Amino acid sequence: MANKLKTHKGAQKRIKVTKTKKYLFDKSCNNHLLTNKGKNRTSHQYGKQLTKADSKNMERLLPYTAK
């Protein structure tokens, strides 16, 4: 019997997986100094998609999330 795979906890906290197995991550520059930035720059935080090469690595780091 094979051992269970472990989920990478850092990747699990930072990456969101959609139903169609796309990997989304937070946009940068949204932590502080928000008074100088507009609403459109700060409100849509999720939405940057990983490339195909990085998605292959995420399948290894997050084995049980998108099946």
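The table below gives the values:
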item: LEU5 touching a residue at least 24 places away in the same chain (Cβ under 8 Å) and within 11 Å of the chain's Cα centre (by Cα); result: no
item: Count - residues of region 10-41 that are loosely packed, with under 13 Cβ neighbours inside 10 Å and β-branched (Val, Ile, Thr); result: 3
item: Output for region 40-53, where each listed residue is modelled with pLDDT under 85 and not in a loop (DSSP other than H, G, I, E, B); result: ASN40, ARG41, THR42, SER43, TYR46, GLY47, LYS48
item: Considering residues of region 6-27 that are touching a strand residue (DSSP E or B) at 6+ places or on another chain (Cβ under 9 Å) and part of a loop (DSSP other than H, G, I, E, B) only, the residue modelled with the lowest pLDDT; result: LYS27
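The values are calculated or read from the model by the stated rules, or taken from the named source; none is laboratory data. If you're wondering where the values come from, they're calculated on a predicted model, not measured in any experiment. Using ideal geometry, Cβ is built from the backbone for each residue, glycine included, and neighbour counts are taken over all protein chains shown.
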